Structure formats: C-alpha cells, structure tokens
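Notes follow once the structure below has been shown.
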Amino acid sequence: LDSRALKEILPHRYPSLLLDKVIQIEPRKFIVGIKNVTINEEFFVGHFPNYPVMPGVLIIEALAQTAGILSFKSMNEAPDDNTLYFFVGIDNCRFKKPVVPGDVLNLNVSIEKVRGGVWKYNAIATVEGNTCAQADLMCALRKIEN
C-alpha cells in the first residue's frame, strides 16, 4: 500500500500521518509498514536541536497507525465519516534505541486477540534489524458524533 492507499484508510494527514507505506500484510495476522525518518520532520526542530531524536510517543503512534491499517484490512472494511479507530491502550512499552534522521523505521504489528471490538496487538519498531521500541497496543473502532 502506498501513501495514497493509506490515506483512503487512515484519517491522519501531514504532519500527523506517520506511515509512508505498507510492504507486507496478511489480514487477521500481521503487517509491516515503513516510516522514512527525515530531518525535515517538524518535531526535530525542538526534539532536540543539538541531537535530533524522534519522540518515542510518535514511534508508538506510527505503530498504532500501522495497527489501524491491519484492522481495517482484516475486517475487509473501509472507514466511514461516522467512525474513528481510536488508540485506547498501551502496555509493556519499552524504548531500546533512539531513532534519528535518515533511519528507515520498520513497523511490525501482529494481532494478539480481538474481543468486544477491542483489538490487541504486539508491536515492534526496528531500524536495520535492531529493536527501537516495543509495546502491546490496544485500539477500538468507535462511532463518533457530529
């Protein structure tokens, strides 16, 4: 899935869209996405000026967006204007290695279980095979009020 296909599924737009493409997906099982980290990212202006590091919370958000793609493809549905896929929980989060400009962030997400409309995933972000962050994530599809 390229950036155009991602925008048909995710409501996020620049600068909040943190997924560039999907390189592998097996619905109801796993997904591998890519985030190309460049010095032009707005967050590098202040995080940190002398040693730019991608904020950990944004790495986790990139994993959650990747999980959202996996869920919609697993449900074989497209989102509509009355629903949003919310990031509702995180457990066992660890940051192992900084992500810096020039890195290609691999976003690996697998489904652990689905119960009562809540999806639980195992998520790992890597750069060149080295784990940068990992967490158990939870997301849920919810109706929104206009």
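Please treat every number below as a calculation from the coordinates, not as lab data. Because the structure is a prediction, the values reported are computed rather than measured. Cβ: placed from backbone, ideal geometry, glycine included. Neighbour counts: every protein chain shown.
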Degrees, to the nearest 10: 56-75 long Cα axis against longest axis of the chain = 30 degrees
Whichever aspartates and glutamates have a C-alpha closer than 18 Å to that of residue 7, once near sequence neighbours (fewer than 8 apart) are set aside | 20, 61, 77, 80, 81
Work through the residues other than residue 4 whose Cβ is under 14 Å from its Cβ and net out their charges, Lys, Arg +1 and Asp, Glu -1.
-> 0
Mind giving me the nanometre distance, one decimal, between the label points for residue 26 and residue 5, set 7 Å out from Cα along Cα→Cβ?
-> 1.8 nm
Rule-of-thumb Rg ratio for the chain [Cα; 2.2 N^0.38 Å; N residues] = 1.01
Which entries in the list 21/96; 35/96; 73/97 go over 22 Å, if you measure between the two C-alpha atoms of each?
-> 21/96; 73/97
At q = 0.23, 0.27 Å⁻¹, base-10 log of I(q)/I(0) for the stretch 83-146 (Debye sum, equal scatterers on each alpha carbon) | -0.92, -1.08
Magnitude of the Cβ-charge dipole (Lys and Arg +1, Asp and Glu -1) of the chain about the Cα centre, nearest 20 debye, reported as 360 debye
